[in-house]
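Below you'll find the structure, written out as structure tokens, and then a few comments.
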Amino acid sequence: MIIEDVQPAVDGGRFPAKRVVGEEVVVEADVFTDGHDLLGAEVLYRAEGEDQWSARPMALFDNDRWRGAFTVTTVGRYAFTVRGWVDHFATWRRGLEKKAAAGQDVAVDLLAGRALLEAAAGRARAADAGILADAAAALGSDAPLPERVARALDPELAALASGHPDRAGEATHGRELPVVVDRERARFSAWYEIFPRSTGPDGRHGTFRDLEALLPEIAGMGFDVLYLPPIHPIGRTHRKGPNNAPQAGPGDHGSPWAIGAEEGGHKAVHPDLGTLDDFRRLVRRADAHGLDVALDIAFQASPDHPYVKEHPSWFERRPDGTVQYAENPPKKYEDIYPFDFESEDWRALWEELKDVFVFWMRQGVRAFRVDNPHTKPFAFWEWLIGEVKREDPHVLFLSEAFTRPKVMYRLAKLGFTQSYTYFAWRNRRPEIEAYFEELTRTPVREFFRPNLWPNTPDILTEHLQEGGLPAFRARLVLAATLGASYGIYGPAFELGERRPRHAGSEEYLDSEKYQLRRWDRAAPHSLRSLIARVNQARREHPALQTDRGLHFHGGQNPELVCYSKATAGHADVVLVVVNLDPRRPQSGWVDLDEAELGLEPGQPFEVHDLLGGARYPWRGRANYVRLDPAQAPAHVFEVRRSPY
């Protein structure tokens with residue numbers, strides 16, 4: 001009995017596949033043996049800590065390829081494997097059917113079948129045993145031969161007998177393959193990034209209480225994760241001024257990523273924001289509005305961080321004896337010291353950094369955005385995430401790793417729940433289609449969960465700079481519908497902030513990373529109402545709550561990208577068309593794959609625009625669309641398959 005190529009198996013089972021509670025794990029395997037015997041196979045699975053395996057049947061679907069599934073019901077880790085055996089009764093039944101059809105004498109064959117059924121009855125319990133024993137007696141009775149053959153070929157009898165097989169000679173795949181199961185927010189989430197220090201009225205430094213007053217508005221837009229950049233004390237040595245000026249003035253606040261001062265380090269809050277009690281209150285109030293608070297964890301220190309004096313061995317020294325500051329030549333970040341993860345005292349450093357996560361978890365935080373994880377050792381993250389998950393498996397990790405694809409994918413395999421992506425720079429239809437085909441239709445989807453951000457405090461793309469509010473609207477719809485998880489850096493995104501620091505730069509002019517900003521949240525051009533409608537559509541339509549089921553449709557106009565998402569059985573289908581040109585109206589015929597929409601060829605159907613409310617009667621593959629970016633750059637259609 002041979003069992004091989006069991007999937008999902010990330011790197012052969014070295015890393016776990018990922019699911020959330022309530023999802024199925026669809027398992028496939030090649031199961032075969034020598035000769036022509038028919039086989040049976042099943043998936044064995046169990047949650048971590050369970051002693052007994054549960055089993056689910058597998059079915060042959062293609063040339064020795066078998067498929068089965070089980071549902072994960074608890075957060076944590078699962079293991080699964082595949083077992084196969086020869087189904088002697090099914091093999092016998094197939095031969096009997098062929099002989100009877102050829103008019104051969106099958107009296108002796110029926111006696112062989114009787115023996116197989118008697119043996120199956122001996123392995124069965126209660127009612128099943130009685131049915132099998134009665135069938136065995138019928139095959140050996142004096143009833144007319146056609147009646148006995150008909151009884152032997154009864155499909156229900158075959159299923160019952162195959163359910164109590166002779167396990168002699170069965171085989172089990174040699175590896176137990178892992179699955180890690182997260183809470184639903186790992187799969188479906190909408191993130192809102194905000195600097196608490198910019199929430200104060202009249203331009204003063206904001207506090208946690210000021211941010212608390214904005215919670216109803218943020219939740220009202222449909223977000224469920226409130227992401228805060230670092231909230232710790234900020235160093236004063238080499239503090240940066242506005243627009244990353246190398247010298248700060250007396251009233252400048254510095255970069256929140258220059259972590260640590262005499263008031264404390266990674267386990268302290270900036271005193272101008274409030275107290276730790278104020279932060280805990282914010283977390284509780286956010287939870288009451290359905291919001292997780294996510295904290296930015298940046299493993300670096302300002303020159304004033306207590307670690308620099310208390311643990312000098314945790315930092316690398318330059319030849320002149322000074323501490324090595326962060327560099328990305330030709331850029332210099334004298335206000336930031338990287339940790340030396342390979343110092344002689346690395347074990348103490350690693351333990352302390354793990355305790356940073358544990359400290360904030362004990363304040364009620366269960367989601368973290370990790371700054372530049374690709375600049376820290378892979379082994380460190382695999383160890384740390386494993387340790388944190390043992391403390392609380394509900395914790396989520398978002399990887400901010402804008403780096404090479406293989407590095408991003410490795411971090412996902414090591415345990416990061418979600419990851420930033422290249423979405424911000426995929427603007428043309430071919431590159432959008434190719435990138436999301438990679439993320440959703442290749443083995444990458446088993447371990448990499450994309451979180452799509454059209455902008456961040458570090459990224460103001462040329463497309464947004466030049467496209468203005470129409471580009472912001474289109475990128476919002478793309479992010480929120482191509483991906484089940486997305487985020488915006490707001491209110492900069494809401495208000496269409498698009499002034500670069502200089503031509504060719506993706507840095508913002510007057511970046512909030514280096515100074516307080518006052519935002520006119522009530523501005524008439526705010527995208528708040530559009531954001532709310534988009535998020536409402538996401539919450540009301542399960543098809544938009546998963547990265548599975550994405551399918552791109554054709555069309556004659558390259559400036560129109562058309563795609564759909566559908567749940568199993570097409571119970572919910574959403575069709576999206578976006579104008580990628582922020583300057584001009586675009587029109588054309590979309591070429592729909594009707595089967596992907598759950599439609600019969602030529603079937604009439606109705607599309608209901610979830611953003612504007614309009615309804616259109618459509619039929620068949622070719623349907624006309626016109627989108628004016630100055631008004632509505634996209635349609636998000638609910639597909640109603642009943643005839644109009």
Qualifying positions in segment 255-301 - within 26 Å of the chain's Cα centre (by Cα) and under 20 Å from Glu352 (Cβ atoms)
Leu295, Asp296, Ile297, Ala298, Phe299
Could we say that Arg114 is in contact (Cβ under 8 Å) with a residue 24 or more places away in the chain, part of a helix (DSSP H, G or I) and either closer than 18 Å to His36 by Cβ or open to solvent by less than 30 Å² (accessible area, probe 1.4 Å) (or both) here?
no
I'd like the full set of residues that are open to solvent by 30 Å² or more (accessible area, probe 1.4 Å), part of a loop (DSSP other than H, G, I, E, B) and of a type outside the set (Gly, Ala, Ser), limited to segment 95-106.
Gln104, Asp105
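May I ask you to verify whether Glu512 is out of contact with any helix residue (DSSP H, G or I) (no Cβ under 7 Å at 6 or more places or on another chain), surrounded by fewer than 24 Cβ atoms within 10 Å (Cβ to Cβ), at pLDDT 95 or above and part of a loop (DSSP other than H, G, I, E, B)? Even if it seems obvious, please write down each step before you answer.
Numbers: out of contact with any helix residue (DSSP H, G or I) (no Cβ under 7 Å at 6 or more places or on another chain): no; surrounded by fewer than 24 Cβ atoms within 10 Å (Cβ to Cβ): yes; at pLDDT 95 or above: yes; part of a loop (DSSP other than H, G, I, E, B): yes.
Criteria not met by Glu512.
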What pairs can you find where one residue is in segment 72-99 and on the phi > 0 side of the Ramachandran plot, the other is part of a strand (DSSP E or B) and surrounded by fewer than 21 Cβ atoms within 10 Å (Cβ to Cβ), and their Cβ atoms are less than 7 Å apart, with a gap of 6+ or different chains?
Gly76/Ala47
Counting just the residues of segment 19-56 that are more than 11 Å from Thr71 (Cα to Cα) and acidic (Asp, Glu), which one comes out least open to solvent (accessible area, probe 1.4 Å)?
Glu42
Within the group Asp109, Asp128, which residue is touching a residue at least 24 places away in the same chain (Cβ under 8 Å), among the acidic types (Asp, Glu) and open to solvent by less than 70 Å² (accessible area, probe 1.4 Å)?
Asp128
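Pick from Ile218, Ile231: which is at pLDDT 95 or above, under 30 Å from Leu530 (Cα atoms) and not in a loop (DSSP other than H, G, I, E, B)? First the steps, then the outcome.
Numbers: Ile231 fails: not in a loop (DSSP other than H, G, I, E, B).
Within the list Ile218, Ile231, the selection yields Ile218.
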Within segment 544-573, count every residue that is of a type in the set (A, V, I, L, M), buried (at least 19 other Cβ atoms within 10 Å of the Cβ) and more than 19 Å from the chain's Cα centre (by Cα).
3
Has segment 362-372 got at least one residue that is closer than 26 Å to Pro16 by Cβ, in a helix (DSSP H, G or I) and not hydrophobic (A, V, I, L, M, F, W, C)?
no
Matching residues, segment 414-455, being crowded, with 21+ Cβ neighbours inside 10 Å, closer than 20 Å to Thr375 by Cβ and not aliphatic (A, V, I, L, M):
Gly415, Phe416, Thr417, Gln418, Ser419, Tyr420, Thr421, Phe448, Asn451, Trp453
From (1) of a type outside the set (S, T, N, Q); (2) under 28 Å from Leu580 (Cβ atoms); (3) touching a residue at least 12 places away in the same chain (Cβ under 8 Å), pick out the condition that doesn't hold for Val395.
(2)
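Could you count how many residues in segment 308-336 are assigned to a loop (DSSP other than H, G, I, E, B) and open to solvent by less than 90 Å² (accessible area, probe 1.4 Å)? Give the derivation first.
Going through segment 308-336, the residues assigned to a loop (DSSP other than H, G, I, E, B) turn out to be 311, 315-316, 318-322, 324-325, 329-330, 334-336.
Among the residues that remain, those that are also open to solvent by less than 90 Å² (accessible area, probe 1.4 Å) are: 311, 315, 318, 321-322, 324-325, 334-336.
So the answer is 10.
Just give me the residues in segment 544-563 being over 27 Å from Arg187 (Cα atoms) and either assigned to a loop (DSSP other than H, G, I, E, B) or at pLDDT below 95 (or both), in sequence order.
Here is the first cut: in segment 544-563, the residues over 27 Å from Arg187 (Cα atoms) are 554-560.
Correct list: Gln556, Asn557, Pro558, Glu559.
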Subset tally (residues that are assigned to a loop (DSSP other than H, G, I, E, B) and buried (at least 21 other Cβ atoms within 10 Å of the Cβ)) for segment 255-268
7
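Restricting attention to segment 275-291, report how many residues are over 15 Å from Ile231 (Cβ atoms) and open to solvent by less than 70 Å² (accessible area, probe 1.4 Å). Show your work before the answer.
From segment 275-291, those over 15 Å from Ile231 (Cβ atoms) are 284-285, 287-291; that's our starting set.
The next check asks that each one be open to solvent by less than 70 Å² (accessible area, probe 1.4 Å); those that pass are 290-291.
Going through segment 275-291 one residue at a time, the tally reaches 2.
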Quick test of your reading of the structure: Asp37 fulfils all but one of (1) within 31 Å of the chain's Cα centre (by Cα); (2) outside any helix (DSSP H, G or I). Name the failing condition by number.
(1)
Name the residues in segment 376-400 that are of a type in the set (Phe, Trp, Tyr), within 27 Å of Tyr486 (Cβ to Cβ) and open to solvent by 10 Å² or more (accessible area, probe 1.4 Å), would you?
Phe378
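Among Lys413, Lys406, which is the only one that is without any contact (Cβ under 8 Å) to a residue 40 or more places away in the chain, of a type outside the set (Phe, Trp, Tyr) and more than 19 Å from Lys354 (Cβ to Cβ)? Please lay out each step first, then the result.
Details: Lys413 fails: without any contact (Cβ under 8 Å) to a residue 40 or more places away in the chain.
The conditions single out Lys406.
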I need the full set of residues from segment 593-644 which are in contact with a Lys or Arg (Cβ under 7 Å, 6 or more places away or on another chain) and either free of Cβ contacts under 8 Å to residues at least 24 places away in the same chain or among the acidic types (Asp, Glu) (or both), in order please.
Glu594, Gly602, Glu606
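Do we have any residue at all in segment 63-70 that's out of contact with any strand residue (DSSP E or B) (no Cβ under 8 Å at 6 or more places or on another chain), surrounded by fewer than 17 Cβ atoms within 10 Å (Cβ to Cβ), part of a loop (DSSP other than H, G, I, E, B) and without any contact (Cβ under 8 Å) to a residue 12 or more places away in the chain? Break it down into steps so the answer makes sense when it comes.
Just the residues of segment 63-70 that are out of contact with any strand residue (DSSP E or B) (no Cβ under 8 Å at 6 or more places or on another chain), to begin with: 63.
Those left that are additionally surrounded by fewer than 17 Cβ atoms within 10 Å (Cβ to Cβ): 63.
Remaining after also requiring part of a loop (DSSP other than H, G, I, E, B): 63.
Applying the additional criterion that residues be without any contact (Cβ under 8 Å) to a residue 12 or more places away in the chain yields 63.
Yes, segment 63-70 contains at least one residue that is out of contact with any strand residue (DSSP E or B) (no Cβ under 8 Å at 6 or more places or on another chain), surrounded by fewer than 17 Cβ atoms within 10 Å (Cβ to Cβ), part of a loop (DSSP other than H, G, I, E, B) and without any contact (Cβ under 8 Å) to a residue 12 or more places away in the chain.
The values are calculated or read from the model by the stated rules, or taken from the named source; none is laboratory data. Everything numeric here is computed off the predicted structure, so don't read it as measured data. Virtual Cβ from ideal backbone geometry, glycine too; neighbours counted across all protein chains shown. The accessibility values were calculated without ligands, DNA or RNA, using every heavy atom of the protein model including side chains. Shrake-Rupley method; radii C 1.70, N 1.55, O 1.52, S 1.80 Å.
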